[in-house]
1. Excluding residues fewer than 8 places away in the same chain, name every one of the lysines whose C-alpha is closer than 26 Å to that of residue 76.
2. Mind listing the long-range amide H neighbours of residue 42? Cut-off is under 5 Å, sequence gap 5 or more, other chains count too, H placed in the peptide plane at 1.01 Å from N.
3. For the chain, with the dipole built from +1 on Lys and Arg beta-carbon atoms and -1 on Asp and Glu ones, taken about the Cα centre, which of 24, 4, 56 lies farthest toward the positive end?
4. If r is the Cβ-Cβ distance from residue 50 to residue 15 and R0 is 35 Å, what FRET efficiency results, to the nearest 0.05?
5. First check a/c for the chain, with a ≥ b ≥ c the square roots of the eigenvalues of its C-alpha gyration tensor; if it is under 1.5, answer rounded, and if not, answer prolate when a/b is larger than b/c or oblate otherwise.
6. Find the accessible area per residue for region 1-68; the probe is 1.4 Å, ligands and nucleic acids are left out, and the unit is Å².
7. What number comes out for the charge environment of residue 83, summing +1 per Lys or Arg and -1 per Asp or Glu over other residues with Cβ under 15 Å away?
8. Can you compute 3J(HN,Hα) from phi for each residue in region 75-86, using the Karplus curve 6.51 cos²θ - 1.76 cosθ + 1.60 with θ = phi - 60°, rounded to whole Hz and x for Gly and Pro?
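The values are calculated or read from the model by the stated rules, or taken from the named source; none is laboratory data. Note that this is a predicted model, so its numbers are computed, not measured. Positions of Cβ are generated from backbone atoms using ideal geometry, with glycine treated the same way; all protein chains shown enter the neighbour counts. Areas reflect the complete protein model, heavy atoms only, side chains present, ligands, DNA and RNA absent. Shrake-Rupley method; radii C 1.70, N 1.55, O 1.52, S 1.80 Å.
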Amino acid sequence: MAIYRAETKPISRSAGRSVVAAAAYRSGEDLTNEIDGREHKYSPRQSSVAHKAIFVPGGGSVDRSDLWNGAETSEKRKDARTGREW
């Protein structure tokens, strides 16, 4: 019998994490955090990423960098939770 497990972790600034860095790692892309100017280069990891997609309501499309930098800039507090990992 298989045992399944699902886990959710917050991406929080108070822990020193960035949602842009997490998105760059998960997608295997190079993204720049516009708040602090740090470049997160994970394109060499792209060969180990099986599939990546962004689903937008209404079937539109959005740039990954714009989406996650928008999430970072929308939160003003230094201890904000800017995303969640599943």
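1. Candidates past the 8-residue exclusion: 9, 41.
2. Under 5 Å from the amide H of residue 42 lie the amide H atoms of 29, 30, 31, each far enough along the sequence or on another chain.
3. 4
4. Working: r = 27 Å, r/R0 = 0.78.
Computed FRET efficiency for residue 50 and residue 15: 0.80.
5. Details: a/c = 1.43, a/b = 1.20, b/c = 1.19.
Judged from the Cα gyration tensor, the chain comes out rounded (a/c under 1.5).
6. Working: 5050 Å² over 68 residues.
Ligands and nucleic acids excluded, the figure is 74 Å² per residue.
7. Neighbour charge sum, excluding residue 83 itself: +2.
8. With coefficients 6.51, -1.76 and 1.60, one gets 9, 9, 6, 6, 10, 6, 9, 8, x, 9, 9, 10 Hz.
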